[in-house]
Amino acid sequence: MTDRAIIADRSPRSPLAAAGLSFVFPGLGEYAAGERRRGVLVATPAFVLITGAVGFVIGTAMGGGGGAVLELLLRPELLIVLVVLDLLALGYHLAAVADAWLVARRRSVAAGRRPGRIAIAGVALILVATSFAHGSLAAIGLETEATLAEVFGGGTGQSGDDWSIPDTSFEPEDPPTPEPAATPTATPVGPAGSGEPASPVLTAAPTPTAVPVPAWARDGRLNLLLVGSDAGTGRWMLRTDTMVVLSVDVESGRAAMFGIPRNIVNVPLPPESADAFENGRFPGMLNALYVYAWGHPSAFPGGQARGFRALTGAVQELIGVRLDAFVAVDLRGFVKLVNAFDGLWIRVPERIVDDRYPKVDGSGTTRIVIEAGCHRLSGSMALAYARSRHQDSDYGRMRRQQAVLLALRRQLDPLAVLERAPELLRIAKDHLWTTLKREDLAGLAELAARVDARRVASVRFVPPAYPEYLSTADIKHIRKVVRHVFDDPPAESGTGPGGGGKACP
């Protein structure tokens, strides 16, 4: 038997198998078909690309942690570069699969075996699968870029629109005291062996390189206004159904949630719109302020952003700390988010019955019943648990809303987030809006990872301690509570708002 026949005999019987191997990793099919040098040559670009990418990520992570990697991946220019590289890799991958097929087919023919129609159809399917895999990655990259640009587009708008949070009437809290700067030190220097005292010579101590601090961390706290909007049929603009201020101490990672009742009255307005009313207070319920400001452009500045500025400015004046950003999600977005993770585990402390629960689409009411105990609620039922108020009050549902937020935070598994990335991106693009900056996401992700959801303090400004009509004394009390929430030692694990304390299941 000739050497060629021996090689052919030891090669894969089917060129389809060789094409499949090069689909798994370029060059593997050629190598298995007996063309070892050719296989190594074809595999080299893929090997170099993969090892280079892994090394780059590891090096970036060692230099700046996981946040540095995330920050790098979220850069617009890098996402576009990755999409272009993926399309180039598609051409290379298709060529490797086709080459493996041709190499194995040539050897198979030499051995007297010709590929049939099934094998030809099979390699065509492999080529389609290769194109689909790379095309999907490119689509995810483009969708990620479009979503990030749209969701984190706060601060943009038409001429005259200002989507920044307005200035306050109060002085911001003093930022943490910085580390003392390096000072000159005396270094004794003298002639060697002279026996005379050394003369001190001043030399400057090395100054450590300053690390830029993001704007939201300069006062030592991250303060986010989280708004759930029930804008829909018969409700125009942004109707603030839920308002929660999330505050996180940057140094310790301790967090607190402040429930802002939607029906409080006489909330102070920011300086830019305080002249709208004689006493500088909004006489209606807080959740009506957005729409009211929109309808009175002469009294509320900001152009198309006047409702947003009025609401964020009023909440800021009420709590006495500077808000760093605003995050809004509509009700349909919340339902889709929970459904994307196959439901939300909630421990219900008491039976919920609401005979007049309003439907999300505004088409009427329905009856809901949620028994006490541990439940895995669908998106619509989790929303009903958070929104229902007819069996108790707005204040009872504030407690449940905070419980739902904590449960959602505890159950967001990073691996599950990655697995559902395309669906989550679509949800965010359609239902989420924020003034957070794209470049801050890496730092915020690192801070979020340090927050223990089981130890989040829960504060609700509800009667009788906090009446619906706020006096100056009430506002001062609210500000004091918010500003000093982290002064006391943290609560024991599992003491959050009802429904979110004990792990469930």
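Of everything in the range 373-388 that's within 16 Å of P349 (Cβ to Cβ) and among the hydroxyl-bearing types (S, T, Y), which residue is farthest from the chain's Cα centre (by Cα)?
S388
Taking the range 451-489 as the search range and keeping residues that are part of a loop (DSSP other than H, G, I, E, B) and touching a Ser or Thr at 6+ places or on another chain (Cβ under 8 Å), which one is surrounded by the fewest Cβ atoms within 10 Å (Cβ to Cβ)?
Filtering the range 451-489 for residues that are part of a loop (DSSP other than H, G, I, E, B) and touching a Ser or Thr at 6+ places or on another chain (Cβ under 8 Å), the one surrounded by the fewest Cβ atoms within 10 Å (Cβ to Cβ) comes out as D452.
Is it the case, given these coordinates, that A442 is part of a helix (DSSP H, G or I), among the small types (G, A, S) and surrounded by fewer than 16 Cβ atoms within 10 Å (Cβ to Cβ)?
In short, no.
If we keep just the residues of the range 103-117 that are touching a residue at least 40 places away in the same chain (Cβ under 8 Å) and among the hydrophobic types (A, V, I, L, M, F, W, C), which is nearest to S14 (Cα to Cα)?
A104
Test A372 against the criterion of being of a type in the set (G, A, S) and in contact (Cβ under 8 Å) with a residue 40 or more places away in the chain, and give yes or no.
no
How about the range 372-409: which of its residues are of a type outside the set (S, T, N, Q) and either closer than 30 Å to A139 by Cα or not assigned by TED's automatic domain parsing to the domain that holds V338 (or both)?
G379, L408, R409
Tally time: how many residues in the range 341-379 are buried (at least 17 other Cβ atoms within 10 Å of the Cβ) and among the small types (G, A, S)?
So the answer is 1.
Identify, please: which residue in the range 269-312 is touching a residue at least 24 places away in the same chain (Cβ under 8 Å) and in a loop (DSSP other than H, G, I, E, B) and is, among those, farthest from S164 (Cα to Cα)?
A299
Just for the range 321-361: of the residues that are part of a loop (DSSP other than H, G, I, E, B) and of a type in the set (D, E), which one is farthest from the chain's Cα centre (by Cα)?
The selected residue is E350.
Could we say that V417 is in a helix (DSSP H, G or I), of a type in the set (V, I, T) and buried (at least 16 other Cβ atoms within 10 Å of the Cβ) here?
Spelling it out, it is not the case that V417 is in a helix (DSSP H, G or I), of a type in the set (V, I, T) and buried (at least 16 other Cβ atoms within 10 Å of the Cβ).
The values are calculated or read from the model by the stated rules, or taken from the named source; none is laboratory data. Just so it is clear, the model here is predicted, and its values are computed rather than measured. Note: ideal-geometry Cβ built from the backbone for every residue, glycine included; neighbour counts use all protein chains shown.
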